[in-house]
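This report refers to the structure that appears directly beneath it.
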Amino acid sequence: MRILVVAAHPHIEQSRVNQCWLAELRRSPDTITVHELYKTYPDFAIDAQKEQDLVAQHDRIVLQFPIQWYSVPALLKMWLDDVFTTTWLFGAGGRAVAGKELVLAMSIGGDESTYQSGGIIGYTISELVRPLQVFSNQIGMTFLPHYKLYGAMKATDFQINNSASSYVQHISSPDLNPIIARKRMFAEMSRA
Ligand SMILES: Cc1cc2nc3c(=O)[nH]c(=O)nc-3n(C[C@H](O)[C@H](O)[C@H](O)COP(=O)(O)O)c2cc1C
């Protein structure tokens, strides 16, 4: 399985979490491609064709970003708008990304307890990223469970380092896809 991590942090040099995650990814197998949007396009001039080719070469696409104002950083939104054009998705070549998987990996400043109904923020992360889930569904991708680190601003180095290794395990697992996990479970049950 070829994995593409599209990382979008507007100030990666000031980051603790996303920087640590990127370092861990770079130590990982070469089946993971790391693509840093703000480094590649500091001028926001996205080369859509090049990005489409990159997406086409991978099976699982991971969007890694810090939550900013309950949403994605600006360049990541622009990347989605510029790259996933209807001509590419549904044009002559058919459904360009159908069957691929989409995973979100988010660092989140607030505590988990604030992200629930009745909490200070009042909505869960799953509710807030619903537009990305609809997007994924509409273009034929399989939306998989996200990876999250809450309380990112006050996390200790130990917590951040731990989160980096579980992040890589999370996005690398074939069982992240519930259909594959369920098939494996039934196969094991029928062997027992
Ligand atoms: C402009 C901006 C907006 C932010 N908005 C949110 C937000 O809506 N919710 C939240 O929990 N944290 C928010 N944060 C905190 C970031 O999510 C947090 O600093 C980041 O995930 C930490 O990761 P890093 O160490 O890689 O920068 C915001 C931070 C900035 C700079």
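Out of everything in region 64-96 that is touching a strand residue (DSSP E or B) at 6+ places or on another chain (Cβ under 8 Å) and assigned to a loop (DSSP other than H, G, I, E, B), what residue ends up being nearest to the ligand (Cβ to nearest atom)? Once the filter is applied, the top-ranked residue is Ile67. For region 112-122, the tally of residues that are over 20 Å from the mean Cα position of the chain (by Cα) and in a loop (DSSP other than H, G, I, E, B) stands at 7. Checking the condition loosely packed, with under 14 Cβ neighbours inside 10 Å and modelled with pLDDT of 90 or more, which residue from Ser126, Ser172 passes? Result of the check over Ser126, Ser172: Ser126. In region 150-179, the residues that are more than 27 Å from Lys100 (Cα to Cα) and of a type in the set (Asp, Glu) reach residues that are within 12 Å of the ligand (Cβ to nearest atom) and open to solvent by 50 Å² or more (accessible area, probe 1.4 Å) with C-beta atoms within less than 9 angstrom, at least six apart or across chains, in these pairs: Asp157/Arg16. Of all residues in region 1-21, those that are touching a residue at least 40 places away in the same chain (Cβ under 8 Å) and either crowded, with 23+ Cβ neighbours inside 10 Å or farther than 17 Å from Lys154 by Cα (or both) total 13.
Considering only residues that are surrounded by 12 or more Cβ atoms within 10 Å (Cβ to Cβ) and in a helix (DSSP H, G or I), look in region 138-165 and name the one that is nearest to the ligand (Cβ to nearest atom). Across region 138-165, the extreme among qualifying residues is Ile160. Here the condition is being over 23 Å from Gln133 (Cβ atoms), open to solvent by 30 Å² or more (accessible area, probe 1.4 Å) and at pLDDT below 95; of Asp53, Asp30, it holds for Asp30 alone.
Each row is one residue, and each column tells you yes or no for (1) more than 18 Å from the chain's Cα centre (by Cα); (2) modelled with pLDDT under 95; (3) within 21 Å of Leu89 (Cα to Cα); (4) within 14 Å of the ligand (Cβ to nearest atom).
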| position | (1), (2), (3), (4) |
| --- | --- |
| Ser15 | no, no, no, yes |
| Cys20 | no, no, no, yes |
| Asp43 | yes, no, no, no |
| Asp47 | yes, no, yes, no |
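Kindly indicate whether Leu4 is more than 12 Å from the ligand (Cβ to nearest atom), modelled with pLDDT of 95 or more and more than 18 Å from Ser165 (Cα to Cα). In short, no.
Conditions (1) closer than 18 Å to Leu144 by Cβ; (2) not in a loop (DSSP other than H, G, I, E, B), marked per residue:
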| position | (1), (2) |
| --- | --- |
| Met1 | yes, no |
| Pro10 | no, no |
| Glu24 | no, yes |
| Lys50 | no, yes |
| Val62 | yes, yes |
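Search region 77-113 for residues being in contact with a helix residue (DSSP H, G or I) (Cβ under 6 Å, 6 or more places away or on another chain) and farther than 27 Å from His170 by Cα, and hand back the single one that is surrounded by the fewest Cβ atoms within 10 Å (Cβ to Cβ). Checking each candidate, the answer is Asp82.
The values are calculated or read from the model by the stated rules, or taken from the named source; none is laboratory data. Owing to the predicted nature of the structure, the values given are computational and were not obtained by experimental measurement. All Cβ positions, glycine included, derive from the backbone under ideal geometry; neighbour counts span all protein chains shown. Side chains are part of the model used for accessible areas, which takes the heavy atoms of the whole protein and leaves out ligands, DNA and RNA. Shrake-Rupley method; radii C 1.70, N 1.55, O 1.52, S 1.80 Å.
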